[in-house]
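Novice: Would you mind keeping the following structure in view while I ask a few things?
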Amino acid sequence: MMQICQHFLITGRVQGVSFRYYTRHKAVELGLTGWVRNLTDGRVEVTACGDASAMAQFQKWLTQGPTLARVSDIEAKTLPCQQFARFQILDTAPQ
């Protein structure tokens, strides 16, 4: 089972729509670890690690997000693998 880590920046109507909560729920459902947080510029930032096939499902989900979200853009890049104990919601990134 190949493990990968990816970083995502999600743009659109992604704050105030429970995006972080649903992102964590989906990541846990898929067995991924990492974190999600809001950025002060209105985007959401995600780092996720796990099985490559689960990551593909997760990325596909992120392009839609939860029901009230409207994702207009998603930037993804692969990171060196990291170890996280679980998937958590972090405080908003400082400016």
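Novice: Cα-based Rg (one decimal) and Dmax (whole number) for the chain, in Å?
Specialist: Cα radius of gyration and Dmax of the chain are 12.1, 37 Å respectively.
Novice: Say each of residue 88 and residue 11 gets a label point 7 Å from the Cα, pointing the same way as Cα to Cβ; how far apart are those two points in nm?
Specialist: In this crude label model, residue 88 to residue 11 measures out at 3.0 nm.
Novice: Working out 0.36 nm times the residue gap between residue 4 and residue 57, then minus their Cα-Cα distance, what length gain in nm do you get to one decimal?
Specialist: In short, 17.8 nm is gained.
Novice: What do you get for the angle between helix 19-30 and the principal long axis of the chain? Use alpha-carbon atoms, 0 to 90 degrees, nearest ten.
Specialist: Here the helix axis deviates by roughly 20 degrees.
Novice: Still on this model: State in Å² the accessible area per residue of the chain; use a 1.4 Å probe, count heavy atoms of protein chains only, and round to the nearest integer.
Specialist: Spelled out: the 1.4 Å probe surface of the chain, per residue, equals 58 Å².
Novice: Which percent of the accessible heavy-atom area of the chain goes to carbon and sulfur, probe 1.4 angstrom?
Specialist: 49
Novice: Could you tell me how many degrees, from 0 to 90 and to the nearest 10, lie between the Cα long axis of helix 52-62 and the main elongation axis, the longest principal axis, of the Cα atoms of the chain?
Specialist: 10
Novice: Something else now. State, as an integer percentage, the relative contact order of the chain based on alpha-carbon contacts under 8 Å between residues 6 or more apart.
Specialist: Relative contact order for the chain comes out at 45 percent.
Novice: May I pose another question? Any idea how far the Cα center of region 15-39 sits from the one of region 75-95, in Å?
Specialist: If you average the Cα positions of each part, the centres end up 10 Å apart.
The values are calculated or read from the model by the stated rules, or taken from the named source; none is laboratory data. Owing to the predicted nature of the structure, the values given are computational and were not obtained by experimental measurement. FYI the Cβ positions are ideal-geometry reconstructions off the backbone, even for glycines, and counts take in every protein chain you see. Just so you know, the surface numbers come from the protein's heavy atoms only, side chains and all, with ligands and any DNA or RNA stripped out. Shrake-Rupley method; radii C 1.70, N 1.55, O 1.52, S 1.80 Å.
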